Amino acid sequence: MKLLALETATEWCSVALIRDRDLERCREEFLPREHARKLPGMVQSLVRAEGWHWEDLDGIAVSIGPG
């Protein structure tokens, strides 16, 4: 199973690619108030670097807290 995981609940922005419960690749940046602008590029570069394709994803995990 291939998952794209996103974490944007704090000033840190994290994007991770997970395959069968194993972390394949991760990128984290301290981005206070910049998530919306930077997140799409972070996702795209990570997916490309790992050689994955959008149609290969089985799901997307997104944090929902705090606030």
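The values are calculated or read from the model by the stated rules, or taken from the named source; none is laboratory data. These figures come from a predicted structure and were not determined experimentally. No Cβ is skipped: glycine too gets one built from the backbone with ideal geometry, and neighbour counts run over all protein chains shown. SASA here: full protein model, heavy atoms, side chains in, ligands and nucleic acids out. Shrake-Rupley method; radii C 1.70, N 1.55, O 1.52, S 1.80 Å.
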What is the number of the single condition among (1) within 10 Å of the chain's Cα centre (by Cα); (2) open to solvent by less than 50 Å² (accessible area, probe 1.4 Å) that residue 27 does not meet? (2)
Inspect all residues belonging to the stretch 3-24 and state whether any of them is in contact (Cβ under 8 Å) with a residue 40 or more places away in the chain, open to solvent by less than 50 Å² (accessible area, probe 1.4 Å) and touching a helix residue (DSSP H, G or I) at 6+ places or on another chain (Cβ under 9 Å). yes
Select from the stretch 30-44 the residues that are over 17 Å from residue 3 (Cβ atoms) and either assigned to a helix (DSSP H, G or I) or open to solvent by 40 Å² or more (accessible area, probe 1.4 Å) (or both) and list them in ascending order. 30, 32, 33, 34, 35, 36, 37, 38, 40, 41
Could you please let me know if residue 54 is farther than 15 Å from residue 1 by Cα and among the aromatic types (Phe, Trp, Tyr)? no
